[in-house]
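These notes concern the structure reproduced below.
The values are calculated or read from the model by the stated rules, or taken from the named source; none is laboratory data. Since the model is a prediction, treat every value here as computed from it, not as a measurement. Quick reminder, even Gly has a Cβ in these numbers, built from the backbone with ideal geometry, and neighbours come from all protein chains shown.
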Amino acid sequence: MLNRTADTLLIYIFTGFLSSLSNATCNEIFDFIIIGGGTAGLTIANRLTELPHITVAVIEAGDKVFNNPNVTDTDKFTVALGTPIDWQYKSTNQTYAAGQKVSCPAGKALGGTSTINGMTWVRGEKAQIDSWETIGNEGWSWDELFPYYKKSENFIVPSPAQLAAGASYNSVDHGESGPLKTGYHPELLNGSLHGLVETAWKSLGIPSTIDANGGDVRGFTVEQQTLDPDANVREDAARAFYYPFQDRTNLHIYLNTTATKVIWASNDGDAIADGVEVTSLNGTVSTINARREVILSAGSLRSPAILELSGIGNQNILDKFGIPSKIVLPGVGENLIDQPNNAIIYNSSTIFNGTTGYVTYATAADFHMGLPSADDLPIWAKQVAAANNYAVNASSLEYLFKVQSELLKSVANAEVFLSTGKGLGLPPSGFLATAFWLLMPFSRGSVHIVSSDPLAYPIINPNYFLVDYDLKIQAAITKWVREFWMTAPMSSLASEISPGYKTLPANATDAQYIEWAKTSSAMMPRRLGGVVDNRLKVYGTANLRVVDASVIPFQISGHLTATIYAIAEKAADLIKADIK
């Protein structure tokens, strides 16, 4: 079972001068401290330092990777996984996925996970973003977020050669003046493959999509990416939001420095974040102070641990490790949602020299899967609540499951990604691979600290396939992908080599598909187990916000990168509005 790079999603919420320092010095003070120099953190740092009187410090555990070929090479986007710029997190043994431990990649570098991800630029669906407001987050709808999606973006119109290779776009769906360049790979595969794939999907009732970034992703299209097509280099958060602005004297970066916990001021009422304790590469521990706010942007797998180490979370967990409780919020670290995926590999006599990136999104009806019944939802809610020690109660989960179930009537719940060997960073070959995954699982897991040691990795348990319906969906998608490869003209192009018909017969039963799928592979109101409000402030605090993927209440039918940039852009405006 694979894990979608950069798309591991924890939903526990809203449910200068370049100083390349290895050692932070004591008693420095800034208006804002941002924990994490990744996708969201650098976006916010950039926007806040547009105000010359505002000082910002960014704390980043990694180093600069501006010239690292494992980052910049657009044909090698998987090469950095497992290297020092990947945190290399691992899940616990997955009880419902054949006991596997699954890799959970996350970027440890200036630029965060945007330096190691698949570069895919696909937003969520309109109905999904609207659901954030449905569950109580005023101001968080598609119409509210869409301008922020465009604000970050500098979309590069495809060339005639790219158009001939299948690229397409709607200009109204894209920004043209943002820091982040997006567009199509300069070496898109020419020839007949695009037309063959398009024809096969149409035979299965899947239309072609001009642009998947307009709020409706269903259909087949060539993926847009976060890259500079002219220079043929990856566009990560640092390249877009930091390096062109690094001479700002009010922007300060601490590299190779790990934020361990928030330091609190002594006061009555809402807790006030006074600063951040940090540990440098040589082990020196010191404190950096904040006049205005601390912004936690360490990512879905690290932010909850920092909250817990700071005394915010489930009382039972904090007591277990002797951490004084500052604010009781049982939802911290809960509602982890991740999308397990599988892959099927084919061999063709044709050598493919270019890069593909064909993506297809489909609803449950497209891949012949029934929707959950009303009777299923309370059962699943109780099951998930019990598995997570009732940190989020069953009634809250049932409500969220009802919202999700309604979305599944029209929203895509499957993604299929087809690529050549070169598209996967491999030498040109006759290999064709399809990776695929369900997009909106009902299973929920958690991320929690395992000790009071601030440098210890958290324990990550996505609980893949805890809800049996998710496993049935993944099996149905597997069967449907094979149906695509058995459909003309794809059926005459290539032969399956993995898993192969000896392992998974062409006429496999549903039970066989289920077994193969299993073994191969929160911005919410407080009453629903949420941790931050609709201005992304942690409940019970006056000046601590969380801004990263962990504030998204449901998984989205797209890739998280575009939405994280948009959330950060909106968050920056919310913060600026509070600056007096």
Yes or no: region 470-482 includes at least one residue that is of a type in the set (S, T, Y), at pLDDT 95 or above and under 29 Å from S429 (Cβ atoms). yes
Can you give me the number of residues within region 332-370 that are touching a Lys or Arg at 6+ places or on another chain (Cβ under 9 Å), closer than 23 Å to I460 by Cα and not in a strand (DSSP E or B)? 2
For region 182-202, pairs from a residue that is closer than 14 Å to I351 by Cα and at pLDDT below 90 to a residue that is among the aliphatic types (A, V, I, L, M) and part of a helix (DSSP H, G or I), with Cβ under 8 Å and 6 or more apart or across chains, are N190/A161; N190/A164
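In region 151-170, which residues are assigned to a strand (DSSP E or B) and surrounded by 21 or more Cβ atoms within 10 Å (Cβ to Cβ)?
Of everything in region 151-170, those that are assigned to a strand (DSSP E or B) and surrounded by 21 or more Cβ atoms within 10 Å (Cβ to Cβ) turn out to be E153, F155.
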Would region 351-363 turn up any residue that is within 25 Å of E483 (Cα to Cα), loosely packed, with under 15 Cβ neighbours inside 10 Å, modelled with pLDDT under 95 and of a type outside the set (K, R)? yes
Hey, D270 acidic (D, E) and surrounded by fewer than 16 Cβ atoms within 10 Å (Cβ to Cβ) or not: yes
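One line per residue, one yes/no per condition, for (1) out of contact with any strand residue (DSSP E or B) (no Cβ under 6 Å at 6 or more places or on another chain); (2) among the acidic types (D, E):
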residue	(1), (2)
D130	yes, yes
T134	yes, no
V157	yes, no
G166	no, no
N170	yes, no
V197	no, no
G215	yes, no
F220	no, no
K422: at pLDDT 95 or above, basic (K, R) and over 22 Å from the mean Cα position of the chain (by Cα), yes or no? no
Yes or no: I59 of a type in the set (V, I, T) and surrounded by 24 or more Cβ atoms within 10 Å (Cβ to Cβ)? yes
Quick check on region 527-580: of everything there that is surrounded by fewer than 24 Cβ atoms within 10 Å (Cβ to Cβ) and of a type in the set (K, R), which residue is farthest from A364 (Cα to Cα)? K580
With (1) at pLDDT below 95; (2) surrounded by fewer than 24 Cβ atoms within 10 Å (Cβ to Cβ); (3) under 26 Å from V294 (Cβ atoms) as the list, and L51 as the residue in question, which single condition is left unmet? (1)
Has region 191-200 got at least one residue that is in contact with a Leu (Cβ under 9 Å, 6 or more places away or on another chain), assigned to a helix (DSSP H, G or I), more than 30 Å from Y539 (Cα to Cα) and of a type outside the set (A, V, I, L, M)? yes
Checking the structure you have, find out if any residue of region 132-145 is closer than 23 Å to T360 by Cα and out of contact with any helix residue (DSSP H, G or I) (no Cβ under 7 Å at 6 or more places or on another chain). no
Candidate set: region 374-395, residues that are within 17 Å of N314 (Cα to Cα), among the small types (G, A, S) and within 25 Å of the chain's Cα centre (by Cα); chosen: the one modelled with the lowest pLDDT: A391
Search region 105-130 for residues that are part of a loop (DSSP other than H, G, I, E, B) and among the polar types (S, T, N, Q) and pair each with any residue that is buried (at least 24 other Cβ atoms within 10 Å of the Cβ) and modelled with pLDDT of 95 or more when their beta-carbon atoms are under 8 Å apart and the residues are at least 6 apart or on different chains. N117/G107; N117/T561
One residue from K576, K580 being at pLDDT 95 or above and either assigned to a loop (DSSP other than H, G, I, E, B) or not β-branched (V, I, T) (or both): K576
Every residue in region 171-205 that is of a type in the set (D, E) and touching a helix residue (DSSP H, G or I) at 6+ places or on another chain (Cβ under 9 Å), please. D173, E176, E187
Inside region 402-519, counting only strands (runs of 3 or more DSSP E) that do not spill past its ends, which hold 1 or more residues that are of a type in the set (A, V, I, L, M) and buried (at least 20 other Cβ atoms within 10 Å of the Cβ)? 414-420, 429-438, 445-448, 459-461
Is it fair to say A305 is closer than 30 Å to L193 by Cα and not polar (S, T, N, Q)? no
Counting only residues in region 62-108 that are at positive phi and in contact with a Pro (Cβ under 9 Å, 6 or more places away or on another chain), the one surrounded by the most Cβ atoms within 10 Å (Cβ to Cβ) is identified as Q88
Do the conditions hold for Y501, that is, is it at pLDDT 95 or above, over 27 Å from L397 (Cα atoms) and among the aromatic types (F, W, Y)? no
G313 passes all but one of the listed conditions (1) at positive phi; (2) surrounded by fewer than 18 Cβ atoms within 10 Å (Cβ to Cβ); (3) modelled with pLDDT of 95 or more; (4) not hydroxyl-bearing (S, T, Y); the exception is number (2)
Check off (1) farther than 30 Å from Q128 by Cβ; (2) among the β-branched types (V, I, T); (3) touching a helix residue (DSSP H, G or I) at 6+ places or on another chain (Cβ under 8 Å) for I253 and give me the number that stays unchecked. (3)
Which of the residues belonging to region 462-510 are among the basic types (K, R) and within 30 Å of G333 (Cβ to Cβ)? K472
